[in-house]
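Peer 1: Below are the structure tokens for one structure; questions will follow.
Rule-based calculations on the coordinates, nothing more; no lab input. Predicted model only: the values in this text are computed from it and were never measured. Glycine gets a Cβ as well: all are built from the backbone with ideal geometry, and neighbour counts include every protein chain shown.
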Amino acid sequence: MIKTFRKIMLVFVVFTLLFIWGNSMMPGDISTEESDWVMQLVQPVLDFVHSGRIQVWLTRLADHLPERIQSFSYRAIGWLDRHVLTRDSSFLVRKAAHLSEYMLLGFFMGFLFAHSDGRGRVFLPEGACLAAALVDEGIQLFSIQRAAQLRDVCIDMLGAIAGLTAALILLSILRLIVRVRAKKRKRTPKTGNFS
């Protein structure tokens with residue numbers, strides 16, 4: 001069963017890599033068209049974010065926090081306002097795409113490289129995700145109207161770490177469930193005919 005599960009995870013990893021690298025092979029103008037299409041889908045959410053309502057809500061929330069936390073909260077809200085909420089929306093959508101693609105890849109890699117007893121590994125799947133991110137940016141060096149960026153590799157790795165973390169948490173929960181069930185089986189006496 002474990003071998004079958006690994007084969008399924010390997011298929012998911014391969015398809016995820018093909019999707020990621022396929023997007024990197026697209027010329028810049030086609031990639032921009034796809035980003036614009038996604039922008040149209042998320043525009044209502046972005047309009048809400050840029051309306052200033054989130055900043056007002058966060059400030060009201062911070063007003064009710066203890067004094068020590070309040071000053072940090074106001075600085076964090078100011079940073080969000082300057083660097084995130086007022087940024088070019090298409091930039092944020094493109095970087096969110098990088099993050100989500102590699103989050104999925106990290107999740108699948110976490111299951112692919114897990115030990116047979118359900119314990120997760122960290123360095124092997126992260127190394128594989130780093131190699132995939134470097135290949136991804138290398139592909140963009142040879143794509144028309146595209147460029148490789150170290151920032152994208154960092155964003156990719158953040159996504160991979162988040163996905164791997166989710167996989168490790170899920171593996172830990174599954175291991176815990178298996179252990180609890182095994183203990184319950186040991187405690188319950190077997191019934192049978194002793195005649």
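Peer 1: If you fit an axis through the alpha-carbon atoms of helix 53-63 and take the longest principal axis of the Cα set of the chain, what angle between them do you get, 0 to 90°, nearest 10?
Peer 2: So the inclination is approximately 70 degrees.
Peer 1: To continue, here is another question. Give the angle, between 0 and 90 degrees and rounded to the nearest 10, that separates the Cα long axis of helix 89-112 from the longest principal axis of the Cα atoms of the chain.
Peer 2: That works out to roughly 10 degrees.
Peer 1: Then there is this: Please get the size of the charge dipole for the chain, origin at its Cα centre, with Cβ charges of +1 on Lys and Arg and -1 on Asp and Glu, quoted in debye to the nearest 20.
Peer 2: Magnitude of the dipole: close to 2000 debye.
Peer 1: Name the aspartates and glutamates eligible as straight-distance cross-link partners of Lys183: C-alpha to C-alpha under 18 Å, and not fewer than 8 places from it in the same chain.
Peer 2: Excluding near neighbours in sequence, the set is Asp117.
Peer 1: If you fit an axis through the alpha-carbon atoms of helix 67-83 and take the longest principal axis of the Cα set of the chain, what angle between them do you get, 0 to 90°, nearest 10?
Peer 2: Its long axis makes an angle of about 60 degrees.
Peer 1: Now, a different point. Counting alpha carbon pairs within less than 8 Å and at least 6 residues apart, what relative contact order, in whole percent, applies to the chain?
Peer 2: Reported as a whole number, the value is 28 percent.
Peer 1: Ok, one more. What shape does region 123-195 have by the C-alpha gyration tensor, where a ≥ b ≥ c are the square roots of the eigenvalues, rounded means a/c under 1.5, and otherwise prolate means a/b greater than b/c and oblate the rest?
Peer 2: It is prolate, given that a/c is not under 1.5 and a/b is the larger ratio.
Peer 1: Here's a follow-up. Cut-off is 10 Å between beta-carbons; in what order do Arg6, Arg181, Arg187 appear when sorted fewest neighbours first?
Peer 2: Arg187, Arg181, Arg6
Peer 1: Over region 95-170, what relative contact order in percent results from Cα pairs under 8 Å that are six or more residues apart?
Peer 2: Relative contact order for region 95-170 comes out at 52 percent.
Peer 1: At what distance in angstrom do the alpha carbon centres of region 1-37 and region 120-168 lie from each other?
Peer 2: 12
Peer 1: If the viscosity is 1.567 mPa s and the temperature 4 °C, what Stokes-Einstein diffusion coefficient in µm²/s follows for region 2-79 when Rh is the Kirkwood radius over Cα pairs?
Peer 2: It diffuses with D of about 77 µm²/s by this estimate.
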